[in-house]
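Heads up: the structure comes next, in structure tokens.
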Amino acid sequence: MEMAARRCSKLFRRCFGQPPGWVVAAPGRVNLIGEHTDYNDGFVLPMAIERHVVLAGGRNFTREATLHSLTAGETASFSLRGKLGLGDPAWSNYIRGVVAGFQQRGWHIPGFNAVIDSTLPYGGGLASSAALEVAAATLLELIGGKPLDPVEKALLCQRAEHDFAGVPCGIMDQFASILGCQDQALLLDCRSRTATAVPLGDPSVTVLIINTHVRHRLAEGEYAKRRARCEEVAKALAVAALRDITLEDLDAARPRLEPVAFRRARHVITENGRTLRMAAALRASDWETVGEMMYASHDSLRTDYEVSCRELDAVVNIARSIGTGQGMIGCRMTGAGFGGCAVSLIRSEAALHITRKMAQAYEQETRDSASIFSSRPAAGARTLEADNDA
Ligand code: GLA
């Protein structure tokens, strides 16, 4: 992150002829468990990771925003007069959406310049878009001279994703990027929007992220379909959200539901239970239960929710074959699915052996290569540099 911050600062000076007023960073996240539960008012257990979107920015005393993305190698400019709409390039929409959110709250956003860099793989299921939104919101708070309430900030960024990227996401990613804590996972209650820290600083356990680099094209449309299905079932059962029903309620309603709708809802209900059990197991260092919950979550996402794919299943099967005897605690797909990453908890002493074995077996199985890295739970969005004269 420090290197990305230096790169951003340097390029900012080169592009705009002065030092940036601020350099901010917002982390991506990996979700340990609680998948596709956030938009059902349920529970999720993500942690922020040590991969960030970094943004150097400052006022420019015009009514325009000029953004340069190092990752895309492109510049975007848009006027801040009047109502903001969608525009090109596509990545600029996340920032347009965030600016629009501030304007809707009555904030005056002056012209600004920014340079963006990232150490997060884009589109890999590690919440790179949420990190970009949160980084932009953090910069705008500094430019505006006052902070937003963290929950309100997460909601503003989520709205940007809905309205400017067309993805009806839940609140998990933005929340994790804002509220992340070093060495702690966050148990979020997505209904009350409250977070409880779950310690994850035991050095003998490592979080491993396995990026398949696969992105199946149906991902986005399927996400919206899953969400709509869940809302249909909640409506049919006359409750506000799937959070409000038990497996018994669902079983009783089975004759009235289409088989697919039944299975989608069953995933959500059982996943909420697994998330709470896994949080308790982490607190108790009960690694056997942690592993059991992770594998059960993956199976439910594969069969009931149908958001896994061949490559993610390959990773989880390899993890199973490595087994607890060789230091594997558990493994599951993470994020929206249809590609992206899997997350695994392992014994730290076995990290080298497991990484090698996973890489080799994955290549053998899929004829493709995965990137594997570890991350400790990281802190949420923050200011890295501030020029007092800005
Ligand atoms: C994406 C969304 C989140 C959440 C996950 C699935 O990451 O942005 O809100 O729904 O998928 O758990």
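Since every read-out is calculated from the coordinates, none of them should be taken as a lab result. All values derive from a computational prediction rather than experimental measurement. Note that we place each Cβ from the backbone using ideal geometry, even for glycine, and neighbour counts take in every protein chain shown.
What to note about this one:
- Degrees, to the nearest 10: 150-165 long Cα axis against longest axis of the chain: 90
- Which of Met3, Met293, Met328 has the fewest Cβ neighbours within 10 Å, and the rest in rising order: Met3, Met328, Met293
- Note on the stretch 200-375: percent of Cα-Cα distances in each 5 Å bin, starting at 0 and stopping at the bin with the largest distance, equals 1, 8, 17, 18, 17, 14, 11, 7, 4, 1, 0.
- Modelled spin-label separation between Asp88 and Ala252, with each label point placed 7 Å from Cα along the Cα-to-Cβ direction: 5.6 nm.
- On the beta carbon distance between Gln103 and Leu70, with R0 = 35 Å, the FRET formula returns roughly 0.85.
- Among Ser177, Ser371, Ser9, a tally of other beta-carbon atoms within 10 Å of each Cβ gives an order, fewest to most, of Ser371, Ser9, Ser177.
- Ala236/Ser321 FRET efficiency (R0 35 Å; Cβ-Cβ; nearest 0.05): 0.30
- Judged by the mean number of other Cβ atoms found within 10 Å, the most tightly packed of the peptides 360-369, 275-284 leads the ranking 275-284, 360-369.
- Over the C-alpha trace of the chain, radius of gyration and Dmax come out as 21.0, 68 angstrom.
- Helix content alone sets the calculated 222 nm mean residue ellipticity of the chain: runs of n ≥ 4 DSSP H residues at -39500 (n - 2.57) each, divided across all residues, give -14000 deg cm²/dmol.
- Surface/4 of the Cα convex hull for the stretch 1-156, nm²: 9.3
- The alpha carbon centroids of the stretch 1-77 and the stretch 164-182 are separated by 13 Å.
- Estimated distance in nm for a label pair at Glu220 and Thr62, the labels positioned 7 Å out from Cα along Cα-to-Cβ: 2.8
- The shape of the stretch 280-390 can be summarised by an equivalent ellipsoid whose semi-axes, obtained from the alpha carbon gyration tensor, come to 28, 18, 17 Å from longest to shortest.
- Mean shadow area of the stretch 169-223, taken as a quarter of the surface of its Cα convex hull (nm²): 5.4
- As a calculated quantity, the FRET efficiency between Arg283 and Lys146 at R0 = 25 Å, using C-beta atoms, amounts to about 0.10.
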